[in-house]
Amino acid sequence: MKDLFPGYYPMSADEEAEFWSSCLFVFDTNVLLNLYRMKLDDRKRSLKLFRELGDRLWIPHQVAAEYQRNRLGVVREQIARIDDLSKKISEAEKMIRNASPDQHPLSGVDADQEEACKACQRVERFLKSKRDTHEKLLKDDRVREELDKVLTGRVGPPYDTEDLVKIIADGERRYGALLPPGFADNRKRGIYAFGDWIIWRQMLDKAKTERRPMLLVTDDRRKEDWYVAGAPAEFWTRDELVTEMQQNAGAAFRLYTSEEFLKKASEHLERRTASVAERLSGSGAWTSYLELVRRAQDVAALMPDWLPSAGQAAAQAVAYLRNNPWLTQTALRVLQDAEIIGRVYSDALRLTSLQFPYQPQAEPLENTDKETEGET
């Protein structure tokens with residue numbers, strides 16, 4: 001039955017090697033936009049990896065259009081999150097500094113109180129530097145400049161208006177039948193509801209012309225119109241997509257997350273390209289960030305209920321780091337500062353005989369991050 005249901009079967013080692021030796025590499029919009037969320041060195045390595053892929057890199061026109069439409073919004077989103085987190089950290093600092101004997105168990109612990117305030121100030125300075133970097137991108141987008149160079153001649157053609165209207169009509173029928181991809185976007189308005197379907201059509205067209213397998217790298221794991229929910233990596237791709245690509249273009253198709261793509265690239269691609277992928281995978285730039293999020297959650301656990309402002313700051317830090325994981329020594333130092341704040345609170349609670357057994361687990365890290373973000 002494997003010939004009839006190829007998506008339900010993992011590739012053998014030989015099939016996978018053949019697939020990787022000839023496929024076109026397609027990167028979804030979210031992967032391009034994630035370049036704005038990476039630290040400088042990892043952004044450079046990502047762009048270098050794109051260059052190393054050479055003529056095997058290809059981007060559907062719809063992906064490029066979505067990137068152009070959304071890039072400034074992503075930058076503004078980062079700025080807004082930085083501002084929100086900075087406000088929470090500032091509120092926490094004021095609460096610590098202005099504590100009086102009858103208001104706060106930190107009273108009388110002046111040295112620790114000052115240490116916690118300095119930690120807040122270091123976090124604020126760090127966030128300001130990140131905000132300044134993102135502000136510059138609004139007017140002078142070096143990321144897009146580099147992508148323009150990398151993607152020259154590697155972006156597919158657009159559909160004309162008449163063809164686009166027909167494709168949208170086809171999409172409406174497919175969505176009614178819950179035929180992937182794209183039906184998860186059916187609540188969006190107008191043409192925006194059909195972005196994934198248009199990307200898929202453009203990939204089918206390219207595969208027909210090239211007669212080559214297609215590998216799509218996307219990090220939108222929330223959408224079950226692409227991925228099989230809860231499946232292991234070798235079964236992520238929905239069988240309907242694998243079958244449609246085979247039937248319409250005579251080509252194989254597989255989905256990868258960025259993390260899984262980097263792992264496989266280090267195994268299958270030429271040594272120079274694979275080495276770039278290995279460095280990116282090792283840095284964690286495209287990973288799930290679980291370790292960093294865990295540490296942020298540990299910091300949040302230190303914040304007691306009696307200090308709501310600091311509790312909010314910690315919760316905001318968790319959300320912010322989950323979506324904007326810099327994964328640099330500087331970022332880890334910021335978490336250490338948050339741990340200093342939390343440790344001071346914990347010590348103060350013990351002084352007042354309240355039960356608070358939690359102790360931070362992270363070891364101190366040296367700050368070796370010397371990067372400056374003046375270029376991509």
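Please treat every number below as a calculation from the coordinates, not as lab data. Quantities reported herein were computed from a predicted structural model and do not represent experimental measurements. So basically every Cβ, Gly included, is an ideal-geometry build from the backbone, and we count neighbours across all protein chains shown.
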* Structure fact -> Contact order relative to length for the range 15-77, counting C-alpha pairs under 8 Å separated by 6 or more residues, stands in percent at 49
* Arranged by the count of other C-beta atoms within 10 angstrom, fewest first, what order do 200, 226, 20 take? -> 20, 226, 200
* Asked: Taking other Cβ within 10 Å of each residue's Cβ, how do 96, 89, 82 sort, fewest first?
  -> 82, 96, 89
* To do: Rank by packing, highest mean first: peptides 122-130, 41-49, 23-31, 6-14, with packing defined as the count of other Cβ atoms within 10 Å averaged across residues.
  => 23-31, 41-49, 122-130, 6-14
* To do: Pairs of Cα atoms under 8 Å, at least six residues apart: use those to get the relative contact order of the range 137-228, whole percent.
  => 23
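Taking the number of other C-beta atoms within 10 Å as the exposure measure, put 114, 66 in order starting with the fewest. It would help to have the intermediate numbers written out before the result.
Numbers: 114 13, 66 21.
Fewest-to-most ranking of 114, 66: 114, 66.
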